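Below is one structure; the comments refer to it alone.
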Amino acid sequence: MSIQEINEKRLDLKKVPYHIAIVMDGNGRWAQRRGLSRIEGHQRGLEAAQTVVEACEALGVKILTLYAFSKENWRRPKREVNALIGLLQEYLKERQKELLERDICINIIGDLDDLPTSVRDTLVETVEKTGRKKGLIVNLALSYGGRSEIVAAVKKLIDEVEARRITKDEITPESFSRYLFTGNLPDPDLLIRTSGELRISNFLLWQIAYTELYFTTTLWPDFGKEELINACIEYQNRERRFGLTASQIRKGELSQ
Ligand code: FPP
């Protein structure tokens, strides 16, 4: 994406969201409308994800979290589940070198144990190889569910308290966050959901407490850099108050 294209859209590059999360919805409907199989819809969805990764790199977004496969998605027909997971595995295997060259850091959030061993091996290898990269962080949410993530964090905390590594009083919203899959990463600034559904669907339940939400009727395979820029412009025009008043924000009390 050229700087001219970005400028024409009146996007302030100094105020681009640091962390964008996306519910990539609508692959099935996109395919159905064209008489294609749902799997072809997911293939086009993967291409859209690649376009958005490139656009995030160009805009200077630091973290992109993509909801690729939810815990509930396991209930879909086996053929679709296998195809979706296969698509992802193939992509990571084929593109590992390119990801490294682009300095992209891949991170997985979700229950890796639910995945077949060969897929898990590819994921672990990709995460290990790209882990120290300093470019865009791409969190892939796989077999992910927000409620399960919170329950797992609570269990880890109980273990820590029982082992006397922390005390009950040391449990705060900030310390709790570190036990989630997202660990020390900052919360999303902007959450995008495509396809016209106005739901969160168990995505990042804890982390989106103060996230700005952007809903669009565009189906995921049609979502591209243009609409990503539009979402960022809308984000820039919102006033984030984090519970304060508009007057406090103007006086700069948020940063104190
Ligand atoms: C929702 O559309 C999409 C998914 C369940 C899968 C998302 C996966 C991709 C975009 C491809 C893989 C991408 C990466 C980055 C690994 P849907 O099938 O629910 O569509 P529908 O609501 O129209 O049926």
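The values are calculated or read from the model by the stated rules, or taken from the named source; none is laboratory data. Predicted, not measured: the structure shown is a model, and the values here were computed from it. All Cβ positions, glycine included, derive from the backbone under ideal geometry; neighbour counts span all protein chains shown. Accessible surface areas use protein heavy atoms only, side chains included; no ligands, DNA or RNA. Shrake-Rupley method; radii C 1.70, N 1.55, O 1.52, S 1.80 Å.
Selection of the stretch 162-203 for residues being of a type in the set (Val, Ile, Thr) and open to solvent by less than 50 Å² (accessible area, probe 1.4 Å) yields 166, 182, 192, 194, 200.
Here 75, 10 are screened, and the one residue that is within 15 Å of the ligand (Cβ to nearest atom) and charged (D, E, K, R) is 75.
Taking the criterion of being within 18 Å of residue 70 (Cβ to Cβ), open to solvent by less than 30 Å² (accessible area, probe 1.4 Å), touching a residue at least 40 places away in the same chain (Cβ under 8 Å) and among the acidic types (Asp, Glu), would at least one residue in the stretch 142-153 satisfy it? Within the stretch 142-153 (the criterion being within 18 Å of residue 70 (Cβ to Cβ), open to solvent by less than 30 Å² (accessible area, probe 1.4 Å), touching a residue at least 40 places away in the same chain (Cβ under 8 Å) and among the acidic types (Asp, Glu)), the answer is yes, since at least one residue qualifies. Any residue at all in the stretch 47-55 that is within 11 Å of the ligand (Cβ to nearest atom), free of Cβ contacts under 8 Å to residues at least 60 places away in the same chain and open to solvent by 30 Å² or more (accessible area, probe 1.4 Å)? Yes, the stretch 47-55 contains a residue that is within 11 Å of the ligand (Cβ to nearest atom), free of Cβ contacts under 8 Å to residues at least 60 places away in the same chain and open to solvent by 30 Å² or more (accessible area, probe 1.4 Å).
Filter the stretch 1-28 down to the residues that are at pLDDT 95 or above and closer than 23 Å to residue 139 by Cβ and list them by number. Scanning the stretch 1-28 gives 16, 17, 18, 19, 20, 21, 22, 23, 24, 25, 26, 27. Within the stretch 106-122, the set of residues being over 21 Å from residue 179 (Cβ atoms), open to solvent by less than 70 Å² (accessible area, probe 1.4 Å) and outside any loop (DSSP other than H, G, I, E, B) comprises 106, 118, 119, 120, 122.
Among the residues of the stretch 124-143, the one identified as among the small types (Gly, Ala, Ser), modelled with pLDDT of 95 or more and in a loop (DSSP other than H, G, I, E, B) is 135.
One residue stands out among those in the stretch 33-46 that are open to solvent by 40 Å² or more (accessible area, probe 1.4 Å) and within 7 Å of the ligand (Cβ to nearest atom): the one that is nearest to the chain's Cα centre (by Cα), which is 46.
Residue 18 passes every criterion in (1) buried (at least 19 other Cβ atoms within 10 Å of the Cβ); (2) in contact with a Pro (Cβ under 7 Å, 6 or more places away or on another chain) apart from (1). Apart from one condition, residue 68 fits all of (1) of a type outside the set (Asp, Glu); (2) without any contact (Cβ under 8 Å) to a residue 60 or more places away in the chain; (3) open to solvent by 10 Å² or more (accessible area, probe 1.4 Å); (4) within 10 Å of the ligand (Cβ to nearest atom); the exception is (2).
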